[in-house]
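Peer 1: Sharing a structure with you now.
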Amino acid sequence: MTRISVTVDGVLYEEEVEPRLLLVHFLRDRLGKTGTPIGCDTTNCGACTVHLDGRSVKSCSVLAVQADGSQVLTIEGLASNGSLHPMQQAFHEEHALQCGYCTPGMILAAIDLVKDDPDPTDEAIRDGLEGNLCRCTGYCNIVRAVRRGAQEMAVTHD
């Protein structure tokens with residue numbers, strides 16, 4: 001067992017973990033962060049995307065021990081004071097989900113994309129979300145939501 005110290009959604013956790021434990025299983029099984037779904041366990045779908053030290057990662061490709069000393073943000077940590085994050089709100093308003101399974105990963109990947117490109121084109125959004133799969137929608141509403149979320153983030157985070 002290895003002792004790790006990781007801050008998840010603003011709360012510090014110190015835990016003993018097996019060195020082979022994936023971050024997604026640590027978040028879900030140890031911390032109860034079930035908003036991070038397990039999609040494929042092979043990094044293909046992106047449903048388990050979280051932010052690790054401010055950058056999006058697929059948590060099924062990161063060991064919990066690799067997150068030692070880091071900050072992790074999950075979908076549960078995005079809302080602030082009872083208000084949705086602008087990207088969450090945009091996904092809601094643009095109906096950018098159907099079953100919702102991919103949505104947490106899409107939102108976190110979209111926020112990371114917008115940090116690098118605050119005014120992305122539709123093509124840049126599609127390229128930026130390439131590693132996150134949705135099996136229900138045609139992506140049109142997702143692209144619209146990311147564009148709207150980017151605009152709202154520019155207004156609320158300046």
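The values are calculated or read from the model by the stated rules, or taken from the named source; none is laboratory data. Just so it is clear, the structure is predicted and the values come from calculations on it, not from any experiment. Neighbour counts are summed over all protein chains in view; Cβ atoms, including those assigned to glycine, are modelled from backbone coordinates with ideal geometry.
Peer 1: I'm checking my understanding of the structure. Among residues of the range 109-158 that are assigned to a helix (DSSP H, G or I) and of a type in the set (S, T, N, Q), which one is surrounded by the fewest Cβ atoms within 10 Å (Cβ to Cβ)? Give the steps one after another, and end with the answer.
Peer 2: Keep residues of the range 109-158 that are assigned to a helix (DSSP H, G or I), which gives 109-116, 122-128, 140-156.
The next check asks that each one be of a type in the set (S, T, N, Q); those that pass are 141, 151, 156.
On the way: ASN141: 17, GLN151: 15, THR156: 11.
Filtering first and then ranking leaves THR156.
Peer 1: Still on this structure, I have one more. Looking at (1) more than 21 Å from ASP9 (Cα to Cα); (2) crowded, with 17+ Cβ neighbours inside 10 Å; (3) in contact with a Phe, Trp or Tyr (Cβ under 8 Å, 6 or more places away or on another chain), which is the only condition THR103 fails?
Peer 2: The number of the failed condition is (1).
Peer 1: Suppose the filter is under 26 Å from ARG28 (Cα atoms), aliphatic (A, V, I, L, M), at pLDDT 95 or above and in contact with a helix residue (DSSP H, G or I) (Cβ under 9 Å, 6 or more places away or on another chain); does VAL143 pass it?
Peer 2: no
Peer 1: If you don't mind, there's one more thing I want to ask. Would you point out the residue of the range 25-40, among those that are farther than 11 Å from LEU73 by Cα and touching a strand residue (DSSP E or B) at 6+ places or on another chain (Cβ under 8 Å), that is surrounded by the most Cβ atoms within 10 Å (Cβ to Cβ)?
Peer 2: So the residue we want is PHE26.
Peer 1: Separate question: Answer yes if at least one residue in the range 63-82 is at positive phi, surrounded by fewer than 19 Cβ atoms within 10 Å (Cβ to Cβ) and touching a Cys at 6+ places or on another chain (Cβ under 6 Å), and no otherwise. I'd like the intermediate steps shown before the answer.
Peer 2: Restricting attention to the range 63-82, the residues satisfying the condition of being at positive phi are 69, 81-82.
With surrounded by fewer than 19 Cβ atoms within 10 Å (Cβ to Cβ) added as a condition, the list becomes 69, 81-82.
Narrowing further to those that are touching a Cys at 6+ places or on another chain (Cβ under 6 Å): none.
Checked against the condition, which is being at positive phi, surrounded by fewer than 19 Cβ atoms within 10 Å (Cβ to Cβ) and touching a Cys at 6+ places or on another chain (Cβ under 6 Å), the range 63-82 yields no hits at all.
Peer 1: Conditions first: (1) surrounded by 23 or more Cβ atoms within 10 Å (Cβ to Cβ); (2) in contact with a strand residue (DSSP E or B) (Cβ under 7 Å, 6 or more places away or on another chain); (3) not aromatic (Phe, Trp, Tyr). ALA47 passes all but one, so which condition is the exception?
Peer 2: (2)
Peer 1: Six or more apart or on different chains, Cβ under 6 Å: which pairs go from a residue in the range 35-54 that's without any contact (Cβ under 8 Å) to a residue 40 or more places away in the chain to one that's β-branched (Val, Ile, Thr)? Could you list them?
Peer 2: ILE38/VAL24; LEU52/VAL72
Peer 1: List the pairs whose first member sits in the range 23-34 and is polar (S, T, N, Q), whose second member is in a helix (DSSP H, G or I) and surrounded by 15 or more Cβ atoms within 10 Å (Cβ to Cβ), and whose Cβ atoms are under 6 Å apart, counting only residues at least 6 apart or on separate chains?
Peer 2: Short answer, once both residue conditions are applied: THR34/ARG28.
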